[in-house]
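Every read-out reported here was derived from the displayed coordinates using simple, explicitly stated rules and does not represent laboratory data. Bear in mind the structure is a predicted one, so any value in this text is a computation, not a measurement. Glycine gets a Cβ as well: all are built from the backbone with ideal geometry, and neighbour counts include every protein chain shown.
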Amino acid sequence: MNNGNGDWISGFVNEFHGLPLPEPGKLVGYAALLHQFSLRVPLPSQLTLISQRHVKSSTDAWQVLTPRHEPPNTLAGHLTFALKWEGVQLGVLAALFKVVAQESITDVVSATPTGAFARRIWFLYEWLTGKELNLPPAGKVKAVPVIDSELQYGLEKGTTVSRQKVVNNLPGTTAFCPLVRRTPALEKFQQAHLDREARAISGRTHPDVLARAAVFLLLSDSNSSFQIEGEQPPTQRIARWGQAIREAGQIQLSREQLDRLQQIVIGDSRFVPLGLRKIGGFVGEHDRHSGEPLPDHISARAEDLPNLIDGLVTLKRQSLSGGLDPVIAAAMVAFGFVYIHPFEDGNGRIHRWLIHHVLSRGGFNPPGIVFPISAVILRRIKEYRQVLESYSKLLLNFIEWRPTLDGNVEVLNDTADFYRYFDATRHAEFLYRCVAETIERDLPQEVRHLEAYDKFVTSIETLVDVPKKKLDLLWQFLQQNDGKFSARARSKEFVQFTGDEASRIEEMFSECWGQRSINDGGPG
């Protein structure tokens, strides 16, 4: 065990673990703890340094504070600083508490037993380790939240813990609890009240139009989810998965339901074992000569899967009942699932299904409407992969593994905490961008498309009697041709129309759809 009394790094440095500092500075908080205790865990997405200058600033990777913010160069100093300025990083704390002497944490708390930060450190130690410190109850002091809502997203309705007098507002349990930092981007999305905007669009749309739009958006999402995986399944399989997406908000999430979803995704299960993996797993390729695995991502160990998945299910339930933003909860659950990768196949589509499930159970989408998140992801596929790799590639540096004879991987070290306690900030920001795009683009465009189509059909019927099939072809052609007939179309597909009729049809299309067909063509 380490008591942290050795020499702490005190000078100015220019880089940390290969990560360049924006300017020379002193490592503090989690960076100092990582260095002092040689903790082998993925770095938090943002660390902190003390600058020589008296100006605060920040980058994506670094928070830069001034000399007056510098903490005492001790275990207590850096732990307190970390909670005050950087929030709770469970992955770092879990690793730290495994190597630091229990008496050292007792000493940290005993120095200020009623202090807010000391009580949070005390709670987090006992929560993460399951070990009780030799300390009496905190007594009559005001309870403080474990998660500082100004730094990170915690539950609005936490549970008071009388021993340390804290409010446990962590969204999950020790089995699974990723966290999200509060960022300007996320606050801007929340202030936009996108759920209200979606309900407003829904409320001012004719029920028949809304129902037809919902069908299109649902099939678009189902089809796009398969395309992301590089598959082009039969229409029936797309429709079957679409039905599963439609029902996403109607079921209670459980391990059994996830097994059922995998069965729907796979279809023919003769070649893929169903249920939680009994073997290792990875995402990547095989060396064409040796056949050895070339992982881009290594999945959680098979023996850790039941606990991780049960923890994921619990977090989903606690986060929504505790008032956590549904989009942030969906990012934690869905991206946590895909990193765990519990099945041998079907993980990607179920990962995206979980987004629909959490949004719907959280009351974010209007009744009957499925946001086509997968269609947006397909349009943003490069960004999506970058978000996935922002953590999966980082993980590879901390997983010890060896190839198996059958071309799989065998993980040699304990990796469960890497999947339990990751920073899902970037994932939440990406998901919010996707949700915003579905509400601000896909949903209104599809509604507008259908309303324009209905108006166009009604107008045509006052001019000439045209079969439905011909009407659909006419609408599609005019959309694709800037609202005009080509000479070829007038002589072939639409030769039956007179010159006056053709001219009037072009005018009708312009009246119904206008220049929007030229600018965006509509989603249909």
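The figures follow:
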read-out: Extension gain (nm, one decimal) between ALA61 and ARG441, 0.36 nm per residue minus Cα-Cα; value: 133.6 nm
read-out: Whole-Hz couplings from phi, Karplus 6.51/-1.76/1.60, listed for the stretch 178-186; x for Gly and Pro; value: x, 10, 10, 6, 7, 10, x, 4, 5
read-out: Lys, Arg +1 and Asp, Glu -1 on Cβ, resulting dipole of the chain about Cα centre, debye, nearest 20; value: 920 debye
read-out: Percentage relative contact order, the stretch 193-437, counting C-alpha pairs under 8 Å, at least six apart; value: 27 percent
read-out: Full-extension gain in nm, ALA101 to GLU461, via 0.36 nm per residue minus C-alpha separation; value: 121.3 nm
read-out: Centre separation in Å (Cα based) which lies between the stretch 99-147 and the stretch 389-457; value: 36 Å
read-out: Cα-based convex hull, the stretch 218-327, per residue volume (Å³, whole number); value: 148 Å³
read-out: Helix-only mean residue ellipticity at 222 nm for the chain, each DSSP H run of n ≥ 4 adding -39500 (n - 2.57), per residue, nearest 500; value: -15500 deg cm²/dmol
read-out: Peptides ranked, highest mean first, by Cβ atoms within 10 Å: ranges 312-319, 132-139, 64-71; value: 312-319, 64-71, 132-139
read-out: Nearest 10 degrees, 0 to 90: helix 326-340 Cα axis against the chain principal axis; value: 80 degrees
read-out: Candidate values (1) 55, 25, 23; (2) 52, 26, 22; (3) 37, 32, 22, label of the one derived for semi-axes √(5λ) of the Cα gyration tensor in Å; value: (2)
read-out: Rounded to 10°, Cα long-axis angle of helix 255-266 versus longest principal axis of the chain; value: 40 degrees
read-out: Most to least packed among 284-297, 379-392 [average Cβ atoms within 10 Å]; value: 379-392, 284-297
read-out: Cross-link pairs LYS131/LYS165; LYS26/LYS142; LYS56/LYS98; LYS84/LYS157 - those with Cα-Cα distance over 24 Å; value: LYS26/LYS142; LYS56/LYS98
read-out: Karplus 3J(HN,Hα) series, Hz, for the stretch 204-221 with 6.51 cos²θ - 1.76 cosθ + 1.60 (x for Gly, Pro); value: 9, 9, 4, x, 5, 5, 4, 5, 5, 4, 4, 5, 4, 4, 5, 5, 4, 5
read-out: Highest-first arrangement of 449-461, 48-60, where packing means the average Cβ count within 10 Å; value: 449-461, 48-60
read-out: Estimated FRET transfer efficiency when R0 is 41 angstrom, pair ILE279-ASN481 (beta carbons, to 0.05); value: 0.15
read-out: Amide H contacts under 5 Å for GLY25, placed H, 5+ residues apart; value: VAL13
read-out: Amide N of the stretch 73-97 lying under 11 Å from the label point, which is placed 7 angstrom from the Cα of GLU150 along Cα→Cβ; value: 84-85
read-out: Largest to smallest principal axis extent of the C-alpha atoms in the stretch 13-138, angstrom; value: 44, 29, 20
read-out: The chain, relative contact order in percent, only Cα pairs under 8 angstrom and at least six apart counted; value: 14 percent
read-out: Theoretical gain in end-to-end length, ASN14 to ALA200 [0.36 nm per residue, Cα-Cα removed]; value: 61.8 nm
read-out: C-alpha long axis of helix 425-437 to longest principal axis of the chain, angle in °; value: 20 degrees
